[in-house]
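First the structure, in the form of structure tokens, and then the observations on it.
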């Protein structure tokens with residue numbers, strides 16, 4: 001099992017074997033993945049995947065990580081923090097039910113050319129959730145690392161995607177319960193500095 005760094009808790013309890021997609025070659029709708037759990041990579045160009053109006057026809061660079069699994073798969077808080085915001089991004093192709101958490105953590109890494117401070121405030125978006133995951137939440141509510149935070153939603157409620165969790169880190173505070181998870185290729189450098197690799201909290205899952 002992949003161990004998250006710095007004593008963080010696994011966001012999804014992945015099995016020993018899972019599939020890592022390569023969407024840079026486009027999507028083959030005739031192929032079925034042989035594994036129940038899958039990974040969609042960070043900083044990956046995905047031609048032909050984002051045809052919905054939301055993406056304006058030119059956004060296909062993925063700046064989060066996708067963790068595919070059966071609907072109702074448990075999603076855990078990776079660390080102590082608070083609920084920053086939550087709601088339903090209802091556009092076709094968007095996140096559907098979404099929770100953003102806020103954390104102060106120590107990340108032994110570099111983002112761009114700047115070393116992160118010993119304690120850094122980050123915001124973590126959890127998208128494509130089951131609608132029930134939003135029940136009883138309050139902004140500012142404290143959460144604990146390892147706490148059950150949400151469950152993965154089904155295609156009818158999660159923006160129209162196969163069941164998976166989109167997880168994304170932001171170094172800039174979101175203004176609502178949304179982040180741009182797919183950007184235009186010409187905005188890559190700016191986006192990667194704002195949205196660092198989620199493996200900083202997930203560990204080396206690929």
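Odds and ends about this structure:
- Inter-label distance, nm, simple model (7 Å from Cα along the C-beta direction), residue 90/residue 147: 2.8
- Sorted peptide list for 48-61, 144-157, 73-86, criterion being average Cβ within 10 angstrom, highest first: 73-86, 144-157, 48-61
- Across the chain, Cα pairs under 8 Å and at least six residues apart give a relative contact order of 27 percent.
- Put a dot 7 Å past the Cα of residue 121, heading toward its Cβ, do the same for residue 13, and the two dots end up 3.4 nm apart.
- Efficiency of FRET between residue 80 and residue 135 - r from beta-carbon atoms, R0 22 angstrom, step 0.05: 0.50
- At R0 = 30 Å, FRET efficiency that the Cβ-Cβ distance of residue 25 and residue 72 yields, to 0.05: 0.50
- Gain upon complete extension [residue 189, residue 58; 0.36 nm per residue less C-alpha separation]: 45.6 nm
- Fully extending the segment from residue 51 to residue 206 would add 53.1 nm, taking 0.36 nm per residue of separation and subtracting the current Cα-Cα distance.
- For the stretch 5-202, alpha-carbon Rg relative to the globular expectation (2.2 N^0.38 Å, N residues): 0.96
- Helical content of the chain, expressed as a calculated mean residue ellipticity at 222 nm, amounts to -1000 deg cm²/dmol (DSSP H runs of 4 or more residues, -39,500 (n - 2.57) each, divided by residue number, nearest 500).
- Per-peptide average of other Cβ atoms within 10 Å, ordering 26-33, 11-18 highest first: 11-18, 26-33
Bear in mind that the values in this text are calculations on the coordinates, not laboratory data. Because the structure is predicted, anything quoted here is derived from the model rather than measured. Please note: Cβ atoms are built from the backbone with ideal geometry, for glycine as well, and neighbour counts cover all protein chains shown.
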